[in-house]
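The values are calculated or read from the model by the stated rules, or taken from the named source; none is laboratory data. Keep in mind that what you see is a predicted model, and the values were worked out from it rather than measured. Ideal geometry is used to build each Cβ from the backbone, glycine not excepted, and the neighbour counts take in all protein chains shown. The area values use the complete protein model at the heavy-atom level, side chains included, leaving out ligands, DNA and RNA. Shrake-Rupley method; radii C 1.70, N 1.55, O 1.52, S 1.80 Å.
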Amino acid sequence: MTTPRPETLAKLTPVLTKRWLSPDAWRIGTYEQLDGYAALRKALKAHPDDLIQLIKDSGLRGRGGAGFPTGLKWGFIPQGDGKPHYLVVNADEGEPGTCKDLPLMTHDPHALVEGVIIASYAIRASRAYIYIRGEAVHAARRLRNAVQEAYDKGYLGRNILRSGFDLELVVHSGAGAYICGEETALLDSLEGFRGQPRLRPPFPATHGLYASPTVVNNVGTIASVPPIVLGGADWWKTMGTEKSSGPMIYSLSGRIVNPGQYECTMGVTLRELLELAGGMQPGHNLRFWTPGGSSTPLLAAEHMDVPLDFEGVAAAGSILGTTAMQIFSDQDCPVYATYRWLEFYHHESCGKCTPCREGNYWMVRVYRRILSGQGTHEDLDTLLDTCDNILGRSFCGLGDGATSSVTSSLQYFKQDYLDYIEGRTAPKLSEKTLVGAH
């Protein structure tokens, strides 16, 4: 393992992660010693519209996958409409490979709580919710403790810091459905209904939670608000690129020496991230990887120098997504990896729309046939045709994401499929997999 070069180390920009290794970082005392709630005091002295403009000027884009401009989303909320306004934090992190929000909530929950208070003040919301996955028991416990500490200190509740601003914050645990990471399915679940996506328009900005104006933002997005308020828009834009400003937490897993979270300036490359992570494991060479979780098109070793920002990854034919870098080597099979991801999407499809429900069901069966040595050349055309009938035709992005690894693996690794079909690669699944499969 080699020591990273100074120019690579300079790409590390600990902003959201700067408190993670502090003793008792999750407690309010530690948080207050390290700039905690200073941004809130500053924000409450400003006009809400000025805060929205500050976030617009910073160029902050959503950290949940879509990369939509945060300030623009806040600005969509109609004012003076006489309706209650809501802020909902999407903490339902459940995509394979994605793991940046859970450590943030576990190690530094007050960063999220402070961000929620400031964002709620900006959009004139008096009630906010953090919707977290039911399986994330430890993170939810830390969050609830942080919320109680904030109430006890007067940062939540009535007349916060004598500003006249009131806010109630609720941490809600879901039942563990991946579909609830889709914002409208999350809202339905929060209202007590089965988590399924809603037809849009109308959009949550005008008809969200309880048919009222609602902002839905990711954990990382809201946690970025306090440092922007403290440091200013110009400081935030010193990191990242012109159109993708600020730092980003990149989650590295797979065949690398030191998997984990690396907060770097946006625009860092996979080559540089691997350098920071100690490189590939001994005996392994990079073959393929995901830039943003399992719902983003695969990239190959040839893409190691692609700038990992919203524009750079899109130009390479993929999506930055949740910046979950799953690293695979020459000892891993792209066909089998895609099959395992498809099993996940088939299982997690809510079943509301036909393309996703039926398409993923049948694609799983085609992959089982190929991997058991019973595949045909026509199966490859069937897979592409099925993807074409899912992409852009499903009710929400789950269906679209499910097709990403299929089409991209066929684009870059078609020979691996042919090796199974033509008998050069031994079957990975037994023929029993095809019999009575559910």
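Can we say Asp50 is free of Cβ contacts under 8 Å to residues at least 24 places away in the same chain, under 25 Å from Tyr131 (Cα atoms) and either buried (at least 18 other Cβ atoms within 10 Å of the Cβ) or out of contact with any Lys or Arg (no Cβ under 7 Å at 6 or more places or on another chain) (or both)?
Answer is no for this residue.
Going by the conditions given, is Ser405 surrounded by fewer than 19 Cβ atoms within 10 Å (Cβ to Cβ) and closer than 27 Å to Glu302 by Cα?
no
Check Arg27 against each of (1) open to solvent by 80 Å² or more (accessible area, probe 1.4 Å); (2) more than 30 Å from Asn159 (Cβ to Cβ); (3) at pLDDT 95 or above; (4) not polar (S, T, N, Q) and name the one condition it does not meet.
Going through (1) open to solvent by 80 Å² or more (accessible area, probe 1.4 Å); (2) more than 30 Å from Asn159 (Cβ to Cβ); (3) at pLDDT 95 or above; (4) not polar (S, T, N, Q) one by one, Arg27 breaks only (2).
If I ask for residues that are part of a helix (DSSP H, G or I), aliphatic (A, V, I, L, M) and touching a Leu at 6+ places or on another chain (Cβ under 6 Å), which ones from the stretch 274-311 would you list?
Listed by number, the list holds a single entry, Ala301.
Within the stretch 321-343, can you find the residues that are under 16 Å from Ile179 (Cα atoms) and surrounded by fewer than 18 Cβ atoms within 10 Å (Cβ to Cβ)?
Scanning the stretch 321-343 gives a single hit, Glu343.
Which pairs do you get when a residue that is free of Cβ contacts under 8 Å to residues at least 24 places away in the same chain and assigned to a loop (DSSP other than H, G, I, E, B), found in the stretch 202-214, comes within reach of a residue that is among the hydrophobic types (A, V, I, L, M, F, W, C) and open to solvent by less than 60 Å² (accessible area, probe 1.4 Å), reach meaning Cβ atoms under 9 angstrom, with the pair 6+ apart or on two chains?
Cβ pairs passing all conditions: Pro202/Ala211.
Only residues that are over 23 Å from Gln281 (Cβ atoms) and open to solvent by 30 Å² or more (accessible area, probe 1.4 Å): list them for the stretch 228-267, please.
Result: Leu230, Gly231, Asp234, Trp235, Lys237, Thr238, Thr241, Glu242, Lys243.
Does Val88 qualify as being touching a Ser or Thr at 6+ places or on another chain (Cβ under 8 Å) and either touching a residue at least 24 places away in the same chain (Cβ under 8 Å) or surrounded by fewer than 22 Cβ atoms within 10 Å (Cβ to Cβ) (or both)?
Yes, satisfied.
In the stretch 395-418, what residues are over 20 Å from the mean Cα position of the chain (by Cα) and either outside any helix (DSSP H, G or I) or of a type in the set (Asp, Glu) (or both)?
Asp416
Could you tell me which of the residues Ala125, Ala175, Ala140 is open to solvent by less than 10 Å² (accessible area, probe 1.4 Å), in a loop (DSSP other than H, G, I, E, B) and out of contact with any helix residue (DSSP H, G or I) (no Cβ under 6 Å at 6 or more places or on another chain)? Outline the logic, then answer.
Values: Ala175 fails: open to solvent by less than 10 Å² (accessible area, probe 1.4 Å); Ala140 fails: in a loop (DSSP other than H, G, I, E, B).
From the options Ala125, Ala175, Ala140, the qualifying one is Ala125.
For the stretch 118-156, how many residues meet the condition of being small (Gly, Ala, Ser) and under 16 Å from His85 (Cα atoms)?
Of the residues in the stretch 118-156, 6 are small (Gly, Ala, Ser) and under 16 Å from His85 (Cα atoms).
Report yes if some residue within the stretch 374-381 is modelled with pLDDT of 95 or more, buried (at least 18 other Cβ atoms within 10 Å of the Cβ) and in contact with a strand residue (DSSP E or B) (Cβ under 6 Å, 6 or more places away or on another chain); otherwise report no.
Within the stretch 374-381 (the criterion being modelled with pLDDT of 95 or more, buried (at least 18 other Cβ atoms within 10 Å of the Cβ) and in contact with a strand residue (DSSP E or B) (Cβ under 6 Å, 6 or more places away or on another chain)), the answer is no, since none of the residues qualifies.
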